[in-house]
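The values are calculated or read from the model by the stated rules, or taken from the named source; none is laboratory data. Note that this is a predicted model, so its numbers are computed, not measured. Positions of Cβ are generated from backbone atoms using ideal geometry, with glycine treated the same way; all protein chains shown enter the neighbour counts.
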Amino acid sequence: MRTRTKYKSAHIPSLSLWGGPAAPACLVDAFLSTAIARPDTLALIDGNREVTYRELVAWVRRINELLVDNGVRPEDRVAVTGPRGCEVVAAFLATVCVGATYVPLDQEYPPKRLAHMLSDSQAGILLYTGDVPPLEFAGVTLEIPPSWAVEGNRLVEDSWRPSACQADRPVYLIYTSGSTGWPKGVAIPHSCLDNMVQWQCDHSVRPDLRTGQFAPLNFDVCFQEILGTLCGGGTLVIMPEPLRQDPFALLDWLERNRIERIFLPYMALHMLSVASSIDDAADRLSLLEVNTAGEQLVCTPPIREFFTRRPDCRLANHYGQSESAMVASHILEGPSSTWPSLPPIGIPLPGCELLVDSSESDEAGVGELLVTGLPVSNGYLNQPELNLQRFVTVPTTPWGNSRAFRTGDLVRVENGVVHFLARLDHDVKIRGIRVNLLEVDAWLLDQPGVSEAVCVAVRSPGGSRQLRAAIALDDDRTDLNSDALLAALAEVLPAVAVPLSLTVLPELPRTASGKVDREAVADRIGRHTS
């Protein structure tokens, strides 16, 4: 990897890290080639259900035909909802094979939030599994046909040709927290996702690992789990939803299902390690690879102990955003006792160039991180002003890139390796999921009687981040039903974005410039809740 290409102007990125060339295959071609080579290998396991690659391709073709018969064409948008399971995976693959854009609607989200996502995406068709979704929708609503209803399960290589891949064609549209009160959609093209899939297959200890599907449907790591497994010939084992919050049950499930690879946010890995230390479960696991993403990895004593007991298991720290998927990675090497407390986010993937804008920093190698190259998405849907702010044009780099995404992350580069320092905006990560504090502020201010509002992220005694909020009331209000207000927020925000508590203050503290002082608010809230 080449590093430290200098730019002449201090007003543009001053440091470049290049991950090397990449020419990834289309993920659809990679999946079908794998299925043809390993037709009788198990592709999916969901409880007592097992689906081979041969059966999965037949199922995908059936859903593909259903979409085409209902008028779906390349670059149309197909929304999919229901509980995690084989059906959602098959519907995603079928949508991509049509050339359409997959729009996941996590049924754990509030109906009002899902309704906004469905309307904003302008999806023409809604596929579902399980109960009929309680969403008003003017388009076509269809149940995903079950695998057992598919006639025949032959791989017919010459009679079915999925839509040809195009580098800029969106594979999925995922919604991430926004500052306006509603989430914003991000369109991820083939160029970005194909590169991630190829890299994941090459990067893992084996391409055909037995992988636990842990991530929520609206979290982009979900696609890394699915495609990184099915394009490499592995088996994707669907994890029951309740296990996400129960580390002891998760340990038992990992053992029983002989899981070899899992993707976890840092706090989930920490809690799993704590649970493992209580009953020595690490010795009984089959794990060969753990990948963390979504928030800063901290090598806590339980995590170090977990990997001491499993020296054959690799820990990799992944970095990316909804707007650029996988960007960088760092493998922790040597005995876990020697690992740094805060591991770096690493070096860029092949096809990815990282730029550091040091124009606002007095320290060399420190600045905002920008992403260019294959990982960069098509941008936000229906957000032209935001696109101009975050997806910027830079002078053409030595590697031919001129369009860059401003991550909002402050980083430091040492010896060609990137270290995360802090956020520059109002985004925080709660259990690995990005939450924009301004979005929570907006919904608080939308409630009757609230004159000022601010949401802050505070550290709990256990080290995890929690959302807390403070408000000031209108002059004519002397009381407020905090439970009712938080319940109103739960109707539009995902559970992870709803504050755990609400503190009423006479007025919100402000900085000398008149802005709300979030640090002072966090301090006040701490005194009220301690």
inquiry  = Quick test for you: out of 115, 138, pick the one residue that is assigned to a loop (DSSP other than H, G, I, E, B), under 27 Å from residue 378 (Cβ atoms) and out of contact with any helix residue (DSSP H, G or I) (no Cβ under 7 Å at 6 or more places or on another chain).
reply    = 138
task = Could you figure out which of (1) at positive phi; (2) under 19 Å from the mean Cα position of the chain (by Cα) isn't true of residue 374?
result = (1)
key: Close pairs from the range 450-469: first under 12 Å from residue 439 (Cα atoms), partner among the basic types (Lys, Arg) and buried (at least 17 other Cβ atoms within 10 Å of the Cβ), Cβ under 6 Å, at least 6 apart   = 456/468; 456/518
Matching strands (runs of 3 or more DSSP E) fully within the range 420-497 where at least 2 residues are touching a helix residue (DSSP H, G or I) at 6+ places or on another chain (Cβ under 8 Å), modelled with pLDDT of 85 or more and of a type in the set (Gly, Ala, Ser) = 465-473
key: Sole residue being in contact with a strand residue (DSSP E or B) (Cβ under 6 Å, 6 or more places away or on another chain), surrounded by fewer than 21 Cβ atoms within 10 Å (Cβ to Cβ) and at negative phi, chosen from 425, 446   = 425
task = Give me the pairs, please: first residue somewhere in the range 303-318 and farther than 20 Å from residue 203 by Cα, second residue anywhere and surrounded by fewer than 19 Cβ atoms within 10 Å (Cβ to Cβ) and of a type outside the set (Ser, Thr, Tyr), beta-carbon distance under 7 Å, and either six or more positions apart or on two chains.
result = 304/339; 309/283
note = Matching residues in the range 71-85 (assigned to a strand (DSSP E or B) and among the charged types (D, E, K, R)) number 1
message = So for the range 137-146 (the condition being in contact (Cβ under 8 Å) with a residue 24 or more places away in the chain and surrounded by 21 or more Cβ atoms within 10 Å (Cβ to Cβ)), does at least one residue qualify?
response = yes
request  = Could you check, for the range 457-477, whether at least one of its residues is within 22 Å of the chain's Cα centre (by Cα) and hydroxyl-bearing (Ser, Thr, Tyr)?
outcome  = yes
key: All helices (runs of 4 or more DSSP H) inside the range 164-271 with 2 or more residues being buried (at least 20 other Cβ atoms within 10 Å of the Cβ) and either touching a Phe, Trp or Tyr at 6+ places or on another chain (Cβ under 9 Å) or among the small types (Gly, Ala, Ser) (or both)   = 190-203, 221-230
inquiry  = Please pick out the residue among 244, 210 that is in contact with a helix residue (DSSP H, G or I) (Cβ under 9 Å, 6 or more places away or on another chain) and at pLDDT below 90.
reply    = 244
inquiry  = Cβ contacts < 8 Å: first residue touching a residue at least 60 places away in the same chain (Cβ under 8 Å), restricted to the range 409-431; second residue of a type in the set (Ser, Thr, Tyr) and surrounded by 20 or more Cβ atoms within 10 Å (Cβ to Cβ), any location; separation 6+ or different chain. Result?
reply    = 418/319; 420/319; 427/177
